[in-house]
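Let me begin by presenting the structure, written as structure tokens, before commenting on it.
The values are calculated or read from the model by the stated rules, or taken from the named source; none is laboratory data. Remember, predicted model here, so these are calculated numbers, not experimental data. Cβ atoms come from the backbone with ideal geometry, glycine included; neighbour counts cover every protein chain shown.
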Amino acid sequence: MVRKPVPTVEPIKVVQPKNQKALGPSYLVVCWDDPINVMEYVAHVFQIVFGWNKEKAVKHMLEVHHEGKSVLACECLEKAEHFVHALQTYALHATLQKADS
Amino acid sequence: MKLLSRNHDGCTFLLGKKERRILLELLQRFPVLNGNYQDQRSKKLKIKPAGDRHLLVETLEEFRKQTRRDLEEILNDEHRWVADSRGMRLLLTPDQLKILLQVLNDVKVGSWVRLGCPSDLESVPVPALNKEIIELTWAVNTVTVFQMVFLQALDND
């Protein structure tokens with residue numbers, strides 16, 4: 001996904017259910033744009049890692065491409081770490097971020 | 001390289017002998033991407049990731065070792081390659097295809113990192129070109145060619 005300016009980083013706010021605090025903090029799985037991975041490959045990886053259909057994978061891939069990043073999941077720490085690690089094994093730039101409560 | 005056939009058991013590709021040599025040469029380079037890549041990108045974008053970075057780097061290293069073993073198994077399997085009057089046929093299961101895609105992408109992104117992560121490969125000034133830069137640029141571009149054929153084979157549409 002080539003020729004994109006470096007995106008500015010803004011805080012990401014996620015609406016959580018009222019009982020979320022009892023379940024522990026949530027973490028966001030964020031995938032960031034880069035100028036090297038082709039769009040088809042990024043969508044392919046999203047399908048494998050999250051088990052999404054092509055339509056959903058392409059939607060998030062395009063969000064990465066146009067917005068500079070996409071929040072792919074909001075999970076407990078363990079699950080979110082699992083997803084971030086999986087994305088990183090495909091050489092995508094993925095990070096874990098604590099969701100704002 | 002082109003896709004010859006596809007079914008539930010896997011895909012068959014046709015490669016010329018030179019193409020086969022080039023594909024094997026690129027695959028054998030794995031792993032190229034270093035363990036600090038994620039931190040370097042985060043630093044560039046001024047992101048401070050949460051989570052245990054040390055654990056992630058360690059797990060990534062273990063993944064690379066396992067993938068290297070999987071790759072060796074695929075490359076050493078004589079039945080993967082069948083001589084054809086037009087060249088060589090490569091038979092891959094869907095899982096093997098996914099592993100090769102992952103390996104090739106590591107080689108591609110790793111080569112790009114070694115080039116200094118240029119936002120546009122064509123922006124490298126001609127006077128700066130040397131043997132290493134030309135070779136890494138060749139790797140990035142050539143991997144993309146193989147990658148697109150593999151992705152096309154996995155696309156169910």
Within region B:14-54, restricting to residues that are of a type in the set (S, T, N, Q) and in a helix (DSSP H, G or I), the one that is farthest from the other protein chains (Cβ to nearest Cβ) is B:GLN28
Reported set for region B:115-141 where residues are in a helix (DSSP H, G or I) and either touching an Asp or Glu at 6+ places or on another chain (Cβ under 8 Å) or small (Gly, Ala, Ser) (or both) is B:SER123, B:ALA128, B:ALA139
Going by the structure shown, is A:HIS85 at the interface with another protein chain (Cβ under 8 Å from one of its Cβ atoms) and of a type outside the set (Phe, Trp, Tyr)?
yes
Sole miss for B:VAL82 among (1) surrounded by 11 or more Cβ atoms within 10 Å (Cβ to Cβ); (2) at pLDDT 95 or above is condition (2)
### Query
Somewhere in region B:98-112, is a residue part of a helix (DSSP H, G or I) and without any contact (Cβ under 8 Å) to a residue 24 or more places away in the chain?
no
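A quick yes/no check of all residues on (1) farther than 21 Å from B:THR142 by Cα; (2) exposed (fewer than 12 other Cβ atoms within 10 Å of the Cβ); (3) at pLDDT 95 or above:
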{"position": "B:LYS17", "(1), (2), (3)": "no, yes, no"}
{"position": "B:GLN38", "(1), (2), (3)": "yes, no, no"}
{"position": "B:LYS43", "(1), (2), (3)": "yes, yes, no"}
{"position": "B:LEU60", "(1), (2), (3)": "yes, no, no"}
{"position": "B:PHE63", "(1), (2), (3)": "yes, no, no"}
{"position": "B:GLN102", "(1), (2), (3)": "no, no, yes"}
Per the list (1) modelled with pLDDT of 95 or more; (2) surrounded by fewer than 22 Cβ atoms within 10 Å (Cβ to Cβ), residue check on A:HIS93 breaks on (2)
When every residue in region A:60-72 that is in a strand (DSSP E or B) and buried (at least 19 other Cβ atoms within 10 Å of the Cβ) is compared, the one farthest from the chain's Cα centre (by Cα) is A:LYS69
| task | Determine, yes or no, whether B:ARG68 is more than 10 Å from chain A (Cβ to nearest Cβ), in contact (Cβ under 8 Å) with a residue 12 or more places away in the chain and more than 27 Å from A:HIS82 (Cβ to Cβ). | result | no
Per the list (1) aromatic (Phe, Trp, Tyr); (2) more than 10 Å from chain B (Cβ to nearest Cβ); (3) touching a residue at least 24 places away in the same chain (Cβ under 8 Å), residue check on A:TYR90 breaks on (2)
With the first residue restricted to region B:1-26 and required to be within 20 Å of B:ASP106 (Cβ to Cβ), and the second required to be small (Gly, Ala, Ser) and outside any strand (DSSP E or B), Cβ contacts under 7 Å at 6 or more apart or on different chains are B:LEU26/B:ALA139
Residue hits (region A:41-59; surrounded by fewer than 16 Cβ atoms within 10 Å (Cβ to Cβ) and either aromatic (Phe, Trp, Tyr) or at the interface with another protein chain (Cβ under 9 Å from one of its Cβ atoms) (or both)) are A:LYS54
Just one listed residue, out of B:GLY51, B:GLY10, B:GLY87, is surrounded by 13 or more Cβ atoms within 10 Å (Cβ to Cβ), farther than 15 Å from A:ALA94 by Cα, over 21 Å from the mean Cα position of the chain (by Cα) and small (Gly, Ala, Ser), and it is B:GLY87
